[in-house]
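The values are calculated or read from the model by the stated rules, or taken from the named source; none is laboratory data. Keep in mind that what you see is a predicted model, and the values were worked out from it rather than measured. For accessibility, only protein heavy atoms count, side chains too; no ligands or nucleic acids. Shrake-Rupley method; radii C 1.70, N 1.55, O 1.52, S 1.80 Å.
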Amino acid sequence: MPDDDVEPYLEALVRAARAVLGAEFVGAYAAGSLALNAFQPGRSDIDIALLCRDRLDDAVKRELIARLRHSALPCPARGLELVVYTVATAQSGTAEPGFELELNDGPAMAFRQTLHPADRPAADGAFWYGLDRSILHQCGRVLAGPPAPEAFAELPPEDLRGLLIASLRWWATLIGQADDGPTAGADDAVLGACRALVRHRDGTWLSKVDAGRRLLAAGHRPAGIIEEAIAARSGGPAPSGRQTRAFQDGVLAEIRSR
């Protein structure tokens, strides 16, 4: 669960967003681990989506970034990952990024601002936003504004499936052709694949660890790599790159087949 500093931070973030956006402010929602009851102090990010009525000009975007970056509003987690959408984009069910601005910043996260989707490096992946909006539709925690299922539309099934496939390919590229030793990021890659598979099979978004546990309970094989990835979240060694790629390939094949 979040520590005692997170709730005051969320309240301060909403106040700052309201002050900058004024009448344009529609809502604020926690996504990621805060939405999926999986926040881990010291490891988790604070993922926030803001909704505005209409497109924002660059001056307003820069003002919002200045008010919310870590140097102005210290983040009590690894970092803040903030995305702003218009109501029209959030309710469109689009698979495109479609954001107004993106801000990453925190004590253990490099500062990055992106004012237009076209400016985001292609290598960083464009699938995150549609997946995040799907999570928000189903599980978003309301900090201010209308209920999350009303604010964010679900994606069409084939579009969502395409984004899940894109996410698995991105993780596979990130891990690369690693050897049989523990590989940095492999636990996230394995558990991210678990989450994608559970969403594909059951239509339910779970945290990465909970998705891994659901697959274990269902008898999914190989079980060892899932257990190893979960243990790595508590300080154990990460799975090997070779095992991770093989696991990802199996999940990808199932998602692509049906």
Segment 58-159: relative contact order in percent, alpha carbon pairs under 8 Å with at least 6 residues between: 26
Three principal axis lengths of segment 85-206 [C-alpha, angstrom, descending]: 48, 36, 25
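How long are the semi-axes of the ellipsoid equivalent to segment 53-127, from square roots of 5 times the Cα gyration tensor eigenvalues, in whole Å, largest first? Mind showing how you got there, number by number?
On the way: eigenvalues 92, 46, 25 Å².
Here the semi-axes work out to 21, 15, 11 Å.
What's the carbon and sulfur percent of segment 1-108's accessible surface, probe 1.4 angstrom, rounded to a whole number?
On the way: 2090 of 4500 Å².
With neighbouring chains kept in place, the figure for segment 1-108 is 46 percent.
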All-pairs alpha carbon distance profile, segment 1-114, 5 Å steps from 0, percent: 2, 12, 24, 26, 19, 12, 5, 0
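Roughly speaking, what % of Cα-Cα pairs in the chain are separated by over 23 Å, rounded to a whole number?
Values: 17117 of 33153 pairs.
Result for the distance tail: 52 percent.
Note down, for segment 76-117, the three equivalent ellipsoid semi-axes (square root of 5 times each alpha carbon gyration tensor eigenvalue), biggest first, whole angstrom. Walk me through the numbers on the way to the answer.
Details: eigenvalues 113, 21, 11 Å².
Equivalent ellipsoid semi-axes, largest first: 24, 10, 7 Å.
With a cut-off of 8 Å between alpha carbons and a minimum separation of six or more residues, what is the relative contact order of the chain in percent? Display every interim value, and only then the final one.
Values: 464 pairs, mean separation 41.9, N = 258.
With pairs under 8 Å counted, the relative contact order is 16 percent.
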Whole-number Å³ per residue for the convex hull built on Cα positions in segment 157-244: 81
Contact order relative to length of segment 112-258, as percent, for alpha carbon pairs under 8 angstrom and 6 or more apart: 24
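What is the Cα radius of gyration of segment 131-170 over 2.2 N^0.38 Å, N being its residue count? All intermediate terms of the calculation are to be shown ahead of the outcome.
Working: Rg = 11.6 Å, N = 40, 2.2 N^0.38 = 8.9 Å.
Computed over Cα atoms of segment 131-170, the ratio equals 1.30.
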